[in-house]
Amino acid sequence: MAEGMLTFSPDDRYNAFLRTVSPARYGEGRLRGIPVAIKDNISTAGIETTCGSRILSGYVPPYDATVVSLLKKEGAAIVGKTNMDEFGMGSTTENSAFGPTKNPRDETRVPGGSSGGSAAAVAAGLVPLALGTDTGGSIRCPAAFCGIVGLKPTYGRVSRYGLVAYANSLEQIGPMAADVAHANLLMSVIAGHDPKDSTSLDAPYSHTPSMEIRGTRIGIPEEFFGEGVDPRVASVVWDAISLLERKGAEIITCRMPSMAYALAAYYVTCMSEASSNLARYDGVRYGPPADVRKPWHEAFQERRREGFGLEVRRRIMIGTFALSSGYYGKYYAKAQAARRNVREDFGRLFAEVDVIAGPTMPTVAFRFGEKSDPLAMYLSDILTVPANLAGVPAISVPCGKVEGLPVGLQIMGRWMEDERVIDVAYAYEQGANP
Amino acid sequence: MITEKDVEHIGMLADIAILRGELEEFTASFNRILEYFDILDQVTGEEKDGGAAVNVLREDEVVPSLSPQDVLSNAKETEDGFFRAPRVM
Amino acid sequence: MNVIVGLEIHCQLDTKTKLFCGCSTDYRTDGPNTHVCPVCLGLPGSLPVLNRKAVEYALRVAKALHCTVPEESVFSRKNYFYPDLNKGFQITQYDKPLAVSGYLDIEGDEGEKRVRITRVHMEEDPGRLVHKGGADRPRYSLVDYNRAGIPLIEIVTEPDLRSPREARRFLNKLRATLEYLGVFDSEKEGSLRVDANISIEGSERVEIKNITSYKGVEKALTFEVTRQKNALRRGQKIVRETRHFVEARGVTTSARSKEMEQDYRYFPEPDLCPLRVADWVDGIVLPELPDARRQRFMDQYGLSLIHARTLTGDLRLAEFYEKVAGTDPALAATWVADTLLGELNYRDMSISSVPPDVFSGLLSLVRARVITDRNGVDVLRVLLDELKEKGTCESPEACAERLGLRALPADSAGGDDPVTKAAREALAENPRAVEDYRNGRKEALNFLVGQVMRKTRGCAKPADVNRVLASLLGEGA
Ligand SMILES: [Zn+2]
C-alpha cells in the first residue's frame, strides 16, 4: 500500500485543535491524503485523547475507535484532535478544560458545542472534513453556528466503539464538512456494522446525493417556531423552507406535543448515564493518579473534584440523584416514558410526512459568557434533542444569516433514512447556491 | 427544595468532593434544574422502551489481549505488573 | 430455635472467553494484567459484547434447576466505587433476571428435600485486589484485572435451608449439577463464592459475605448459629448486619454497617440489547444429571443407594468409577467409594490425579487374587504417594513385586510351597492351639490363621491358609 506523509501546520488562531499531528501518515483509498480532524472524545491509538478534560490529560489510547480505523483504511490523514466541551457537556465549547474555541465567523462568539473545535476547523478551512459527536445536538449546533454541514446519523448506523461515552443511548459520531457532498462522502466511510458495538446496525451507507425532491412531504412542527426562537432566525428558516417548496416539496404544518418535556427527558437521561459513565476515572489505570497514600474514597473524591470541571460535576451529581433510591421513579423512569412519547410523536408524524424541518438552533451563536446560567444553556438545545431521543437522523445545513451570523436549517428523517435527509439538505444547498 | 445539606449528601453518593465555596452555587443551580425537571410529572405511560435489536451475541472465541506495555503505559502507579490504588480497608 | 438459611452462590462459568470481550479466561497461572483488553480494563470508549456461550451455559443451569425463563431479560449497571471495578460499575442483571422460580432436590436433614431457587442471573466478575503495606509502611492496594469480566452466574435460593449441614449438602448437590452440565469447574481456585443469609426464627437476619470454599460455608454458618443462639440466650438482640467470614480463624466478624447504606443506582445497561431467550431453553438438551445417574448406577451396576449416591456426587468421581467398573462393578464400587476416597482425602488429593488404568490394574490384581485385599490397600497407598509427589507412578504389578506383596502359591504337590511351609511351622510352634482345636475349640483356628498370615507377611490368601490348615490338621487326626 502506497503511503505518504502530510505536513499539517494550520494557522489555528481559533483554538480549534487541542493537538495536531504533523507529519500525518496517509494511505491509498477514497480519502487518500485528505486531512481529517477528529473530535477529542474519539479514541486514536498513540494520540492523546482527553475529551477536553483534565482528568484524561496524558491518556494515550492503545487502540483506534472503529471510525478512525475506517478513515485510515480509506487513506485519510488523521491530522489532529479538536476541542470540545468537557466530555461533550455543553453547547458552546466554553466548558473545555483547555480554553474555549472561537467562532471563525465572529471571534467574539462561541462556535457552538460540544463539537466546536471540529466545526471551527472546517469553517476556518483548516480541514475539509471532521468528525463530531452528537448527544443532544453537539454536531448540529456548532454546524449551525459556524455555517457548515453536520449530520447526526441514525442511532446505530455509525459504530460507537472508541467513542468515550457521555450518554450511550443518545450519542452518535457523525460527519462535519463545508458542504453536503463532503458530509455524504465522510458518512459513507464511517457508517456500517461493527461487531464491537452491540447497538450497531447492519446498514452500510453508499449514497450519491440527489437534489430531486419533488413530492417530498416536509413536516413543520409549530413547536419549532415557538417561544424562545429568535424571530429573525425563524424568518430565515421559513425562507429556506419556501425554497424547498419551490423545488417541488409539499409543506405540511404539524404538532409535536412531546416537545413540552423532551428537553427535561433528555437532560435526565444524559445526566443519569453520565453519572455512571464517568465513574471509571479513578486514576488507577489512566489519567492523573489518585493519591495512593490516602484511603480510597477520600482519594477518589479529591481526584474527581480536581479532574472534572464545574459543569461535569454538576451533571454527575444531578444524574446520581436522578438514579438514587426514591428518585428513580420520578426522574429516570419518567424520562424514559417521555422518550417513548417522543418516539411515538415522530412515528405518527412520519406516517404523514417524509422529513421534518425547522431551525437547528433557536438563535445565532452566543457571545462568550452569554449563557452563564446552566439552565439557560440547556434550553438552547430544545430543537436538537428530539432527534437524539428518538434515534432518528438529523442534519444541519447553512440556510442564510442573521446580522452576518450563520443560521442552520435542520432536517430530521425517519429511522434509517439518513440518505433522504442528505438529499433534502443537498436540494436546499444546491437550490440556494446555484 | 434541595438544601446545601442535600447537595453534600449527593456529593457523597456521587463520590465527588465539593469545596465550601461551591456549595451555594451548586444548590441554587440544582434547584433551578430540578424544578425544570418537574415537567416530567405530567408524563404518563410505561418506562419501557428500547431499540428493536435483541440477542446481540458474539462467539466464544479468544481474541489476543493487550500487550503488557499497552496495559500499564497509561498508569502512573504500577508495581510488578499490578496497578497501584489507594487502600480500601 | 429454628435456623433459617438462604444462599447466594456466585459461580464462574467455564467459557473460553470473558463475558463481554474475547480475552481468555485461562489466567490463573499467568502474571497480573496479562489477560486484559480495552473492554475488561474499562478503557474509555470500549463497549461490551455478550458471549453467546455464557448465555447458553446460564440457560443450561436455569433448565437443570427447573426455572422459568421470562420472555425478556436485561442487563443493568450496579454503580459503586471500588478499585477492583474496571468501570466504576458492574454489569449484572437486576429487575429482569435470566431465570426465576426453580428448585433443586437435595438429601436434607429429614430425608429428600426441595430447595426453591429464587432466581438465576448473569454478571461479570470484578478484578482482584492485593492489600500491601502495614503498620510500619503506608498501606495501598494492588489491582489485577485478569479476573475482571469472567462470566458469573448468581444463584439465589429461598430461605429453605434449616442447618449448616443442609447448606453444605445443597452446595455439594449444586456443584455436582453444574459440573454435570459442563458449565463449571470446581477445581479452579476461586471459581465459587457464597453469601449466606442466616437467622434464628423470629430474629433479624445476618448476611455473611464472600465465603470462598465449600467447607467454609458450613463452618461459617455453624459459627454464626452458635453466636446467634448464645446472644439470644443472654437476652441480647441480633442486629441486622453484614459479616465477613475469616476462614483462617473460622469466625465471622462484623463488617462496617456502611454496606447497608449502599445505593447502587441500578439502571438498564444502554450498551447491551435485551435478551429474548425463552425459546432457546426448549432446544437445550440436558445431559444426565446426578439423580438420574445415581438411579442408573443402581440399575446398571447393582450398587447400593449409599454407594450410588457417593459415586455420583461428583462428576469426576462418577466418570472415574465408570472407567474402572469393568467386569466387577461391585468390587470397583467398594474399592472406589470405601477405600480410594478415604485415601485421597487423607492426602488432600483429587480423583483427577489418579489414572483410571492404574486403578483398574490394581482391581484386576485383587480380583485375580494375585494380591490380597490387605496388600491391595498397601499398594494403593504407595501408588498414591508416588502420584502426589511426581504425578506419575509405577504399575500396580511392579509395585506389588517390588514390595514383595504378591500373593504366595499354596498348591504345590510336594507340600513345599511357602504357605504350606508356614502352616507347618505355625502348627509346630503352637501345639497348644492345635490341641484346643482338636478338642473342638474352633476359634483356635483363627489364631493359627493369624500366625500363618504373619509369617507370610500378608501375602497368603486367607482362603488358601484356611484350606491348608484344615488339611494339615485333618492329616494328623
Ligand atoms: Zn478483555
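Quick look at the values:
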quantity	calculated
Percent antiparallel among DSSP beta bridges (both partners in chain A, rounded to 5)	70 percent
Under 21 Å from the Cα of A:LYS334 - lysines, other chains or at least 8 residues apart	B:LYS48, C:LYS78, C:LYS96
Residue order, fewest to most beta carbons within 10 Å, for B:GLU59, C:GLU112, A:GLU311	C:GLU112, B:GLU59, A:GLU311
Cβ neighbours within 10 Å from other chains - mean over C:137-150	5
Part-to-part distance (alpha-carbon centres) for region A:407-428 and region C:283-313, which is given in Å	67 Å
Chain C: angle of helix C:164-180 to the longest principal axis, Cα-based, in degrees nearest 10	90 degrees
Unsatisfied cross-links (Cα-Cα over 31 Å) in the set A:LYS294/A:LYS330; A:LYS196/A:LYS371; C:LYS188/C:LYS390	A:LYS294/A:LYS330; A:LYS196/A:LYS371
Residue-averaged beta-carbon neighbours from other chains (10 angstrom radius) around B:3-9	1
Overall form of chain A per C-alpha gyration tensor (a/c, 1.5; a/b vs b/c)	oblate
Packing-based order for C:227-234, A:412-419, C:455-462, using average beta carbon neighbours within 10 Å, highest first	A:412-419, C:455-462, C:227-234
Residue-averaged 222 nm ellipticity for the protein assembly as shown, from DSSP H runs of 4+ at -39500 (n - 2.57), nearest 500	-11000 deg cm²/dmol
³J(HN,Hα), Karplus 6.51/-1.76/1.60, whole Hz, each residue of region A:42-58, x for Gly, Pro	10, 5, 10, 4, x, 10, 3, 9, 10, 6, x, 10, 5, 5, 10, 5, x
Highest-first arrangement of C:367-377, C:238-248, A:191-201, where packing means the average Cβ count within 10 Å	A:191-201, C:367-377, C:238-248
Above-threshold pairs, the threshold being 25 Å between Cα atoms, out of A:LYS152/A:LYS401; A:LYS152/C:LYS87; A:LYS102/C:LYS87; A:LYS247/A:LYS401; A:LYS39/A:LYS247	A:LYS152/C:LYS87; A:LYS102/C:LYS87; A:LYS39/A:LYS247
Sequence-separation-based contact order of chain C, relative, with Cα cut under 8 Å and 6+ spacing, percent	13 percent
Aspartates and glutamates whose Cα lies under 13 Å from that of C:LYS18, excluding same-chain neighbours fewer than 8 positions away	B:GLU59, B:ASP60, B:GLU61, C:ASP26, C:GLU123, C:GLU124, C:ASP125
Packing-based ranking, highest mean first, of A:280-290, C:69-79 given that Cβ atoms within 10 Å are counted	A:280-290, C:69-79
Of every Cα-Cα pair in region C:1-77, the percent that sits beyond 22 Å	42 percent
Alpha carbon centroid spacing (whole Å) that separates region C:1-68 from region A:344-387	42 Å
Chain B shape via C-alpha gyration tensor axes, a/c threshold 1.5	oblate
Computed over region C:290-403, Kirkwood Rh from alpha-carbon pairs, angstrom	14.2 Å
Net +/- balance of residues flanking B:ALA14 in space, Cβ distance below 12 Å, scoring K and R +1, D and E -1	+3
Karplus (6.51, -1.76, 1.60) ³J(HN,Hα), θ = phi - 60°, over region C:20-25, in Hz, Gly and Pro reported as x	10, 8, x, 5, 5, 8
Value of Rg to Rh for region C:221-323 (Rh from inverse mean 1/r over Cα pairs, i.e. Kirkwood)	1.20
Rg and Dmax [Cα atoms of the protein assembly as shown; Å; Rg one decimal, Dmax integer]	37.0, 139
Gyration tensor over alpha-carbon atoms, chain C, equivalent ellipsoid semi-axes in Å	56, 25, 23
Region C:290-403: relative contact order in percent, alpha carbon pairs under 8 Å with at least 6 residues between	19 percent
Average Cα contact separation per residue, chain A, under 8 Å, 6 or more apart, as relative contact order %	18 percent
Exercise: per-residue mean of other protein chain Cβ atoms within 10 Å, A:317-328	6
Nearby lysines by direct alpha-carbon distance to C:LYS219 (threshold 17 angstrom, same-chain neighbours under 8 apart not counted)	C:LYS209, C:LYS229
Around A:LEU278: net Lys/Arg minus Asp/Glu count, Cβ-Cβ under 9 Å	+3
Where Rh is the Kirkwood radius over Cα pairs, Rg/Rh for region C:418-475	0.92
Within-12-Å neighbourhood charge of C:ILE284 [Cβ basis; K, R +1; D, E -1]	-1
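Each value in this text was obtained by applying a stated rule to the coordinates, not by laboratory testing. Everything quoted here is computed from the prediction, not taken from an experiment. With ideal geometry, Cβ positions are generated from the backbone for all residues, glycine too; neighbour counts draw on all protein chains shown.
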